Amino acid sequence: MKKVFLAALLLLPCGPLAAAPAPWYLWQSKLDGRLLCIQSTPGEGWVRIGGPFRSSRCGR
C-alpha cells in the first residue's frame, strides 16, 4: 500500500505538464484563395501560409 501511494504521489505532477492546447494554422485554398484558420489540415488543395497561432483568430 505504501508503494502505491508513493507511485501516485510521484506521478501526480506529470498530468498537467503533458496537457497543452493544439496550435492554429492559417490555410489558403489553391482553388479560389479562400483563407481558413483551423487546427488540422483541411486536405488536398490547401496550403499552410501561417502559424502556429494561439487562438482561432490566427493572430498572435
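Quick check on the stretch 35-42. Is at least one of its residues touching a strand residue (DSSP E or B) at 6+ places or on another chain (Cβ under 6 Å) and among the aliphatic types (A, V, I, L, M)?
Yes, the conditions are met somewhere in the stretch 35-42.
Pairs needed: first member in the stretch 33-60, of a type in the set (Phe, Trp, Tyr); second member anywhere, assigned to a loop (DSSP other than H, G, I, E, B); C-beta distance under 8 Å; at least 6 residues apart or different chains.
What qualifies is Trp46/Lys30; Phe53/Pro23; Phe53/Gly59; Phe53/Arg60.
Check Ala22 against each of (1) assigned to a loop (DSSP other than H, G, I, E, B); (2) surrounded by 11 or more Cβ atoms within 10 Å (Cβ to Cβ) and name the one condition it does not meet.
(2)
Bear in mind these aren't lab numbers, they're just calculated from the coordinates by the rules spelled out. Everything numeric in this text was worked out from a predicted model, so none of it was measured. Every residue, glycine among them, receives a Cβ derived from its backbone with ideal geometry; neighbour counts consider all protein chains shown.
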